[in-house]
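The values are calculated or read from the model by the stated rules, or taken from the named source; none is laboratory data. Keep in mind the model is a prediction, meaning the values are calculated, not measured. Neighbour counts are summed over all protein chains in view; Cβ atoms, including those assigned to glycine, are modelled from backbone coordinates with ideal geometry. The protein model used for the area step is the full one, side chains on, heavy atoms only, and it has no ligands, DNA or RNA in it. Shrake-Rupley method; radii C 1.70, N 1.55, O 1.52, S 1.80 Å.
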Amino acid sequence: MTLLTDEVVAKVHPTKLRGWAFWSAMSMLALLGAAIVFLIVAFLLSESFPLIAQGGPIRFFTDEGWWPRDASFNMTPMVLASLYLTIGALVVATPLSLAISLVTTFKAPARLAHVLRNLVELSAAVPTVVYGLWGVSSIVPIVNIWSPPGASLLAGVLIVALMIIPTITVLTQSALQTVPTAYVQGATALGVSTSQTLLRIVIPAARQGIFSAMVLGAARAIGETMVVLMVCGNIVQVPTSLFDPVRALTANIALEMPYAMGDHRASLFVAGLLMLLLVSALVAVGEWVGMRQRKMIS
Amino acid sequence: MRRFHVFGFDVRDFVWTFVMYGLTLTAVAMLLWPLLTVFGNGLQVLSWDFLLASPEDAGRSGGIAPILVSTLGIVLVSLTAALPLAFGVAVMLTEGFNPAGWPATILRCSLDILAGIPSVVFGLFGLSLFCRQLELGYSILAGGLTLACMILPTLARSLAFSLESAGVAHRAGGAALGLSKQSVLWHVMVPVALPGICAGVVLALTRALAETAVLLFTSGYSDRMPESVLDSGRSVSVHIYDLSTNVPGGTLNAYGSALALLLLLALLSFTVHALTRWMQRRMTGNTTRSL
């Protein structure tokens, strides 16, 4: 009779048991979800380690060239191509995104602003391969008239810029919205013209958020694969002009992975690891600065 | 502040406004150009026959039926694999762990890092783990599982967000009735947050549909009708890539496929908006009435 005390009943009560099962299942799922990122890093490291151990990480910048069959793995031209593409895209995209954000947030009538915002959101959802297709059939022929062969750094810069405009615009808009309306009202009360209010007061107040938007846009641009694979010409060289064809690091991975073997394959994993580090660093900086913007205002 | 006035007219203000609107107009033109090109060219080939026929002559003629089936397979596999994981992560983040404790912090950080990883790196990972290590080969299953890793952060974040926005009132109400924590979650929070959860799933679906680089070397290139998830099959996005770069004369059909993909994405985005609005209405409507 004393066997069924309240304590024992509570312990084996089906609700408790079900609760225990439920929460352990959820914890396992969450653990698995968190493990994926560690798995990815572990796989990249284990696949690339044999090659890194052979000659140190410096070899990827000092080897004679990119001749993977002859064990010569110089990635400098491709790293430079990726950097040029990213910087070029930022230079083109930032003023345009800033203009759209200022117009939608402060100048345009509500209905126009709504239409513009929807257009930006719609463009953000367009798959990059569609931008690539359009680039190959519309932009490359135009550049080709100007200076053959057309598939070039310039085409890549323009299309990657187009691709990151939505990203930068959305983030810049939310940065501009953190600027207190009192600043704008105060400036208007002092008789400062609208453009001067925007240039001298609003933009400086939101500068951290705008910077964060640019960095996150850069992270997206440097990790982009399809567009640069389709429109840049894919020739491994350090570009000397905007019209030179180049091969970006991500495009190289996509091009050579299907047939790469042995050390060649490992070198592509090294490139992947480099990409992962670069993008993670950019995202970390961007998020950190963006957080400071949000904190500064609130 | 100095001003440049001509007959009481602020020249500097005018010039800056002009520059700003000029840049905006340029940006709008740049954003519209690809969309209009896709519509203009795509409408020439897009028809029911195009959607229901098999590709012929490497895709130059014929349709995209097997490719749509493969795409559906890849997307379904990825959602099936990612949804339980994302649900577990979201539940532990909102209900399980203390939000300030270290398990929650690690979980959140790992999601943030995962969200930033470039898609081609996911491709490398999928090729090495699913295709080679687990010997799935180039298959719909391998591609779908790799995509699942990629959409996990998007899905987990939106699930966590909708569970959070289901609000304190519902949670407290459930607890006041003496329900256990998991009953509150399962019988109160999840039904209340359902529109938001659906919106998150559809959003993840659009991400999965738009992806190309991941699938390029995990799900294969075959344009035949797949017979099982272990068959190789190309997604619509890979088909567009292949037609526009490797098949001379395939551009028009590439545009047709692109238009089909865009219309599908637009339909899904519309669904997300509708579901989100329903969720918002439900939240604001119910809580104000019950409080």
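Data table
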{"read-out": "Given (1) farther than 30 Å from A:THR94 by Cβ; (2) open to solvent by 30 Å² or more (accessible area, probe 1.4 Å); (3) of a type outside the set (Asp, Glu), number of the condition B:GLY63 does not satisfy", "value": "(2)"}
{"read-out": "Pairs with Cβ under 9 Å, 6+ apart, first in the range A:7-24 and outside any helix (DSSP H, G or I), second open to solvent by 50 Å² or more (accessible area, probe 1.4 Å) and modelled with pLDDT under 60", "value": "none"}
{"read-out": "Matching entry among A:VAL184, A:VAL202, A:VAL160, A:VAL170 (being buried (at least 24 other Cβ atoms within 10 Å of the Cβ) and part of a helix (DSSP H, G or I))", "value": "A:VAL160"}
{"read-out": "Filtered residue count, the range B:72-114, keeping only those that are within 8 Å of chain A (Cβ to nearest Cβ) and either among the small types (Gly, Ala, Ser) or touching an Asp or Glu at 6+ places or on another chain (Cβ under 6 Å) (or both)", "value": "4"}
{"read-out": "Selection status of B:LEU243, surrounded by fewer than 19 Cβ atoms within 10 Å (Cβ to Cβ), closer than 20 Å to B:GLU56 by Cβ and more than 7 Å from chain A (Cβ to nearest Cβ)", "value": "no"}
{"read-out": "Residue in the range B:261-273 that is open to solvent by less than 60 Å² (accessible area, probe 1.4 Å), in the same structural domain as B:GLY126 (by TED's automatic domain parsing) and closer than 27 Å to B:ASP57 by Cβ present", "value": "yes"}
{"read-out": "Members of the range B:245-271 that are among the small types (Gly, Ala, Ser) and over 23 Å from the mean Cα position of the chain (by Cα)", "value": "B:GLY249, B:GLY250"}
{"read-out": "Test: residue in the range B:228-235 that is among the charged types (D, E, K, R) and open to solvent by 30 Å² or more (accessible area, probe 1.4 Å)", "value": "yes"}
{"read-out": "Answer from A:GLY88, A:GLY132, A:GLY156 - the residue that is touching a Cys at 6+ places or on another chain (Cβ under 8 Å) and either of a type in the set (A, V, I, L, M, F, W, C) or within 23 Å of B:ALA213 (Cα to Cα) (or both)", "value": "A:GLY156"}
{"read-out": "Qualifying residue in the range B:182-204 (condition: assigned to a helix (DSSP H, G or I) and either aromatic (Phe, Trp, Tyr) or in contact with a Cys (Cβ under 6 Å, 6 or more places away or on another chain) (or both))", "value": "yes"}
{"read-out": "Within the range B:238-250, considering residues that are free of Cβ contacts under 8 Å to residues at least 60 places away in the same chain and assigned to a helix (DSSP H, G or I), the one nearest to B:LEU216 (Cα to Cα)", "value": "B:VAL238"}
{"read-out": "When residues of the range B:155-178 are limited to those that are modelled with pLDDT under 85 and not in a helix (DSSP H, G or I), the one surrounded by the most Cβ atoms within 10 Å (Cβ to Cβ)", "value": "B:ALA166"}
{"read-out": "Residue that is surrounded by fewer than 21 Cβ atoms within 10 Å (Cβ to Cβ) and touching a Pro at 6+ places or on another chain (Cβ under 8 Å), where the choices are A:LEU122, A:LEU80, A:LEU112", "value": "A:LEU80"}
{"read-out": "Qualifying residue in the range A:276-292 (condition: closer than 30 Å to A:SER174 by Cβ, charged (D, E, K, R) and touching a helix residue (DSSP H, G or I) at 6+ places or on another chain (Cβ under 6 Å))", "value": "yes"}
{"read-out": "Failed condition for A:TRP146, given (1) over 19 Å from A:ASN234 (Cα atoms); (2) open to solvent by less than 10 Å² (accessible area, probe 1.4 Å)", "value": "(2)"}
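Quick grid of which residues meet (1) touching a residue at least 12 places away in the same chain (Cβ under 8 Å); (2) away from every other protein chain (no Cβ under 14 Å); (3) open to solvent by 40 Å² or more (accessible area, probe 1.4 Å):
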{"position": "B:VAL28", "(1), (2), (3)": "no, no, no"}
{"position": "B:TRP33", "(1), (2), (3)": "no, no, yes"}
{"position": "B:VAL38", "(1), (2), (3)": "yes, no, no"}
{"position": "B:GLY42", "(1), (2), (3)": "yes, no, no"}
{"position": "B:ASP49", "(1), (2), (3)": "yes, yes, yes"}
{"position": "B:ALA53", "(1), (2), (3)": "yes, yes, no"}
